[in-house]
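Undergrad: One structure, pasted below without further comment.
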Amino acid sequence: MICHALRGSMAMVAVTTALASSGCATTAALTGDPTDPWEPANRTFYAFNDTLDRVVVEPAASLYLKLPGGLRDSIHNFLDNAAYPGTVVNQLLQGKFERAMQDSARFVLNTTLGIGGLFDVSTGFGLERHEEDFGQTLAVWGMEEGNYIHYPVLGSSSVRDTPGIIMGTLTDALTYVAALPLALLEIVDTRAALAGAARIRDESAFDPYVFTREAYRQRRTFLVYDGDPPIDDFYEDEEGIEDAVAAQ
C-alpha cells in the first residue's frame, strides 16, 4: 500500500526527537544543502504535510489511542505482518538468503499461529524482525542516495528511495484487499505510536524540516548497513546535522 512508504518517513519523528531535545533557537531559513536542491518545494510540501497531520491525522491518532492497548498491538502486528513479504523479497535481491529463509518462516508462523498476524508468535521462537526495502537494495547494488525529496502525504524520501514506494506497495498483501481503509488505519496506527515523540519535536526550538531531513538520512544509512554503518559514514551524517544547525 502507499502508506507502506509512511513507515520510514514517520519513524523520522523519533530520531528527530533525540536530536532536537537538546534545544537551541533556530529559524526556518534555506540551508543551501547541495543534496537538497529542491528545498523550497520540499519545505512547501513539508508545511502541507504538517497541516494535514495537525488537522486530520493527529486528532484521529488521539482517538485511536483510547482503544485498549492489546487491541492496538494486534492491529499493529497485523499491518506489519502484511507488509513483511517485502522484507523477504529484498533480502533475496540483496543475496541475504539465510536471513530470507528465517524471515519467511517468521511470516508463515505469524500468519498461521498468529492468526493472520494479529499476534507476534515468531519472536518467541527466536525469529527476530528485520526491515528491508527496495531503497536499501539499490544501495547494496551501489546506487548513490541522490537528492532529498519530501513528497506530499508520503513525506521524506530520496531519489534512490523513490522506487521503493512502488515496490513496497506491490509487496504489501493489503494492497490487494480493502486497500484504502487499511491504508488509512496504518497511517493512524503509525502516528499514534509516535505521538509522544512528535509532541517533543514540536516543542523544540529547532527547524523541524531540517531535522526531519537529516534524521531521515541518518536512519537510512543505519538501515542500509544493517545497524552497523562505517564510522566515516556515521560521522558524515552527524556533521550534516551539525552544519544544518549552524546554518540556522
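Undergrad: For a quick protection proxy, order the peptides 30-42, 180-192 by their average other-Cβ count within 10 Å, most packed first. Don't jump to the answer; show the numbers that get you there.
TA: Numbers: 30-42: 14.6, 180-192: 18.9.
Going by the mean number of other Cβ atoms within 10 Å, highest first, we get 180-192, 30-42.
Undergrad: Express in whole angstrom the spacing between the alpha-carbon centres of segment 186-216 and segment 93-148.
TA: Each part reduced to its Cα centre gives a spacing of 25 Å.
Undergrad: Sticking with this one: For Ser158, list long-range residues whose amide hydrogen, built 1.01 Å from N in the peptide plane, is under 5 Å from its own amide hydrogen.
TA: Ile149
Undergrad: Let me ask something else about it. Could you list which residues have their amide H under 5 Å from that of Phe206, counting only those 5 or more apart in sequence or on another chain, with H placed in the peptide plane?
TA: Sorted by chain and number, the residues that satisfy this are Cys24.
Undergrad: Shape call for segment 64-184 from the C-alpha gyration tensor, a ≥ b ≥ c root eigenvalues: rounded (a/c under 1.5), prolate (a/b greater than b/c) or oblate?
TA: Details: a/c = 2.22, a/b = 1.27, b/c = 1.76.
Here segment 64-184 falls in the oblate category.
Undergrad: For segment 220-229, what does the Karplus curve 6.51 cos²θ - 1.76 cosθ + 1.60, with θ = phi - 60°, yield as ³J(HN,Hα) per residue in whole Hz, taken in order and with x for Gly and Pro?
TA: For segment 220-229, the Karplus-derived couplings read 5, 4, 4, 6, 4, 9, 6, x, 9, x Hz, x marking Gly and Pro.
Undergrad: Pop out the ³J(HN,Hα) list for segment 157-167 in order, Karplus 6.51 cos²θ - 1.76 cosθ + 1.60 with θ = phi - 60°, rounded to Hz; leave Gly and Pro as x.
TA: Rounded to whole hertz, the list is 7, 8, 4, 5, 7, 4, x, x, 4, 5, 4.
Undergrad: Another question, then. For segment 54-132, what does the alpha-carbon gyration tensor say about shape, rounded, prolate or oblate, given a ≥ b ≥ c as the root eigenvalues, a/c under 1.5 as rounded, and a/b over b/c as prolate? Provide the component values of the computation, followed by the final result.
TA: Working: a/c = 3.37, a/b = 1.75, b/c = 1.92.
It is oblate, given that a/c is not under 1.5 and a/b is not larger than b/c.
Undergrad: Then there's this: So how do 206-215, 89-98 stack up, highest first, on mean other-Cβ count within 10 Å? Show your work: numbers first, answer last.
TA: Numbers: 206-215: 24.3, 89-98: 16.7.
Descending packing order for the listed peptides: 206-215, 89-98.
Undergrad: Using the Karplus curve 6.51 cos²θ - 1.76 cosθ + 1.60 with θ = phi - 60°, what ³J(HN,Hα) values do you get for each residue of segment 130-145, in whole Hz, with x for Gly and Pro?
TA: 10, 9, 9, 9, 6, x, 5, 4, 4, 5, 4, 6, x, 7, 6, 5
Every number in this text was worked out from the coordinates using simple rules, so none of it is lab data. A quick note: this is a predicted structure, and the numbers were derived from the prediction, not measured. Cβ coordinates were reconstructed from backbone atoms using ideal geometry, including for glycine residues, and neighbour counts include every protein chain displayed.
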